[in-house]
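Trainee: One structure coming up, written as structure tokens, with questions to follow.
The values are calculated or read from the model by the stated rules, or taken from the named source; none is laboratory data. The structure displayed is predicted, hence computed values, not measured ones. Please note: Cβ atoms are built from the backbone with ideal geometry, for glycine as well, and neighbour counts cover all protein chains shown.
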Amino acid sequence: MKFYEIDINYMLFLRKYDERIMDVLNNKEKRPHLGIVLNINELDYVVPLTSPKPKHLIMKNKIDFIKIKEGKLGAINLNNMFPIRKEFYKELNISLEKDEKYKLLLENQISWCNEKKNEYIIYKNANKLYFEIINKQEKSFLWERCCNFKFLEEKSHEYFLK
């Protein structure tokens with residue numbers, strides 16, 4: 001796995017249709033919008049990560065939320081994943097990050113994600129969540145917390161055709 005920088009205009013477009021997409025205009029740190037990219041049901045999906053917060057230490061792992069190193073390094077928000085085409089993301093070169101503290105966080109996060117057991121859990125949960133939402137839709141107990149994957153796939157296709 002690698003980190004990818006996501007095209008801001010693409011995120012703004014999708015956010016019009018799903019408020020769970022990160023608000024890129026109110027990013028106080030002015031950092032690029034990052035995520036890992038997974039292939040789910042033959043489509044690429046961006047899975048956003050979040051920086052560590054005290055609440056992560058007490059939260060529990062769930063199908064749509066995975067703590068990174070018990071929450072000490074942040075978390076993976078599978079509930080907020082969204083479809084993306086290769087034209088709208090590019091690999092992030094962590095070594096170019098100037099903020100040493102942030103650079104170390106990114107290196108530690110991606111290292112954790114690439115441990116085989118963690119990589120397996122990320123892929124397993126992402127696929128399971130995707131099909132739970134696609135197949136059960138509003139009947140899923142996860143519906144309120146997750147992006148509407150199928151709808152965003154349609155909107156992603158529209159954006160690509162613009």
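Trainee: Identify the residue in the range 108-117 that is in contact (Cβ under 8 Å) with a residue 12 or more places away in the chain and under 24 Å from N39 (Cβ atoms) and, among all such residues, is surrounded by the most Cβ atoms within 10 Å (Cβ to Cβ). Quick ask: steps written out before the conclusion?
Mentor: Of the range 108-117, the ones in contact (Cβ under 8 Å) with a residue 12 or more places away in the chain are 108-110, 112-114.
Keeping just the survivors that are under 24 Å from N39 (Cβ atoms) gives 109-110, 112-114.
Values: Q109: 25, I110: 19, W112: 20, C113: 21, N114: 13.
By that ranking, first place goes to Q109.
Trainee: Can we say R15 is buried (at least 16 other Cβ atoms within 10 Å of the Cβ), touching a Cys at 6+ places or on another chain (Cβ under 7 Å) and at pLDDT below 95?
Mentor: On the way: buried (at least 16 other Cβ atoms within 10 Å of the Cβ): yes; touching a Cys at 6+ places or on another chain (Cβ under 7 Å): no; at pLDDT below 95: yes.
No, not satisfied.
Trainee: Can you find a residue in the range 46-60 that is modelled with pLDDT under 95, in a loop (DSSP other than H, G, I, E, B) and touching a helix residue (DSSP H, G or I) at 6+ places or on another chain (Cβ under 6 Å)?
Mentor: no
Trainee: Output the residues belonging to the range 84-107 that are outside any helix (DSSP H, G or I), among the charged types (D, E, K, R) and either surrounded by 13 or more Cβ atoms within 10 Å (Cβ to Cβ) or touching a Ser or Thr at 6+ places or on another chain (Cβ under 8 Å) (or both). Give the derivation first.
Mentor: Here is the first cut: in the range 84-107, the ones outside any helix (DSSP H, G or I) are 84-85, 89-93, 97-99.
Those still in the list that are among the charged types (D, E, K, R) too: 85, 90-91, 97-99.
Result: R85, E97.
Trainee: Assigned to a loop (DSSP other than H, G, I, E, B) and of a type in the set (A, V, I, L, M): which single residue out of I21, I66, I76 fits that description?
Mentor: On the way: I66 fails: assigned to a loop (DSSP other than H, G, I, E, B); I76 fails: assigned to a loop (DSSP other than H, G, I, E, B).
Every option except I21 fails the conditions.
Trainee: Let me ask something additional. Looking at (1) more than 24 Å from I63 (Cβ to Cβ); (2) in a helix (DSSP H, G or I); (3) in contact (Cβ under 8 Å) with a residue 12 or more places away in the chain, find the lone condition where N127 falls short.
Mentor: (1)
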